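The values are calculated or read from the model by the stated rules, or taken from the named source; none is laboratory data. All figures in this text were calculated on a predicted structure; none of them were measured in a lab. Glycine gets a Cβ as well: all are built from the backbone with ideal geometry, and neighbour counts include every protein chain shown.
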Amino acid sequence: MRITTDQIQTQNDKTLPQHRESFDHLRLILERKNIDSQQVIDKIKNFQVAIPSWALGTGGTRFARFAGGGEPRSLKEKIDDVGMLHALNGGSGAISLHIPWDIPSDVDAVKSHAAALGLAFDAVNSNTFQDQENQGHSYKFGSLCHTDSRARRQAIDHNLEVIHYGKELGSKSLTVWLADGSSFPGQMNFRKALQRTFDALKEIYQGMPEDWKMFVEYKPYEPYFYHTVIQDWGTSHLLASQLGERAFTLVDLGHHLPNTNIEQIVATLMMQGKLGGFHFNDSKYGDDDLTVGALKPYQLFLIFNELVEGMEDPSSPNPTPAWMIDASHNLKDPLEDLLQSVEAIQLAYAQALIIDRIKLEEARETNDPAWAQEILQEAYRTDLRPLIAEARLQAGAAIKPFGAYRSLKVRDQLIKERGLKTMATGL
Ligand code: AOS
Ligand code: ZN
Ligand code: ZN
Ligand code: ZN
């Protein structure tokens, strides 16, 4: 299934007058603050968030998976789904693949299919957190950190194979997330585990093409509950720094202990030129992988405040980070959820773009916290939804993607095409 421009147009015709009214009003409000709304719109139009292939099917909680209908059955159908998201919101122009779940059987066909839908291939992800059938060595006690050099070899080779597929598809980065860790004090030698991980990552790093980046993800706990080899941004940063200039830290919003100041981590990494990318999601307790903006939209805005500050500073050593969602759904229609996530990210970005940075700096330099808060919240509390809708309209996408998705009955169509009981590969 594909969403056509005619379908989008018909949907947009229904809401166009109302949209014009709200956007014109917002444009005036922004004008009064000396903000050129078109400049913000252009940035939103250029901003693309990669969709993870594993978020397109029902993910499941740690206890059960309640599959929805019409889920993608193949890599081609996963690409179709992202193509539909992109047609609806104009902001999901990339897909992030996970190997071996998404091994392309016909690379040329996969490439041209994605290109026809306007999609690029973002970071490829390796998987050494579960055993595959016919695998020689188990990852039960770790992969790159394993005590047995043969298990480490196998995990390194797997990463090199992931790079190989990524190269064929035109991807430019590898994301490494390791489940490696231990559940009991004394179980693992911390120093040896980290050293082995570093040595293995070095070999993988050296196996990347010259124009590739490596993103090292961190996570404090889970699946193991006592220690994780790459537990925090400091450990990831340490590895990335020692690996080389094309290795970076990846921040997954759910991978922090409660109340961690993630925006400060972002600022610190950007100052060091080491923020490689994001896995956006939201959470209340841990790695909940809930819809972006569902729980803490203000925190997301504060994170984007740091990102914009870092990106707009001409002397900043940080390359533009890779924007990716990492999500897993059990209750919602995954496509509806992803539409909501992308919109929340765009909104937070736009809100951060309208912060009066000159005044904010003045407030900071004169030690005026009350004024600083006024400035931040002035931006945060401006309803920019019509501006995001205008960016979509200008990009040929839907004014209201969620509404369009429902009124086009996309899920019903998918169920008709693919069946009610479909089993996506992966988790
Ligand atoms: C796991 O917790 C990490 O967030 C990974 O980035 C990701 O969820 C995984 O690679 C997909 O299962
Ligand atoms: Zn992640
Ligand atoms: Zn995670
Ligand atoms: Zn997560």
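Key figures
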read-out: Tally, over segment 281-318, of residues that are under 14 Å from S341 (Cα atoms), buried (at least 20 other Cβ atoms within 10 Å of the Cβ) and either more than 16 Å from ligand 1 (Cβ to nearest atom) or without any contact (Cβ under 8 Å) to a residue 12 or more places away in the chain (or both); value: 3
read-out: Enumeration of residues in segment 93-110 that are within 17 Å of G83 (Cα to Cα) and without any contact (Cβ under 8 Å) to a residue 40 or more places away in the chain; value: A109
read-out: Any chance G254 is within 12 Å of ligand 1 (Cβ to nearest atom), surrounded by fewer than 18 Cβ atoms within 10 Å (Cβ to Cβ) and not in a strand (DSSP E or B); value: no
read-out: Set Y218, Y224: member being touching a Gly at 6+ places or on another chain (Cβ under 6 Å), of a type in the set (S, T, Y) and modelled with pLDDT of 95 or more; value: Y224
read-out: Cβ-Cβ under 9 Å pairs, at least 6 apart or on other chains, segment 181-196 side closer than 9 Å to C145 by Cβ, far side of a type in the set (D, E); value: G181/E222; M188/D180; A193/D180
read-out: Qualifying positions in segment 233-249 - within 14 Å of ligand 2 (Cβ to nearest atom) and closer than 20 Å to G142 by Cβ; value: S236
read-out: All helices (runs of 4 or more DSSP H) inside segment 319-427 with 2 or more residues being within 16 Å of ligand 2 (Cβ to nearest atom) and buried (at least 21 other Cβ atoms within 10 Å of the Cβ); value: 334-353
read-out: Residue match in segment 276-288 (condition: modelled with pLDDT of 95 or more, more than 16 Å from ligand 2 (Cβ to nearest atom) and touching a Leu at 6+ places or on another chain (Cβ under 7 Å)); value: yes
read-out: Residue match in segment 123-136 (condition: aromatic (F, W, Y), within 21 Å of G57 (Cα to Cα) and in a loop (DSSP other than H, G, I, E, B)); value: yes
read-out: Cross-chain or 6+ apart pairs with Cβ under 8 Å, segment 236-250 first and without any contact (Cβ under 8 Å) to a residue 60 or more places away in the chain and more than 16 Å from ligand 3 (Cβ to nearest atom), then assigned to a strand (DSSP E or B) and hydroxyl-bearing (S, T, Y); value: H237/T249; A240/T249
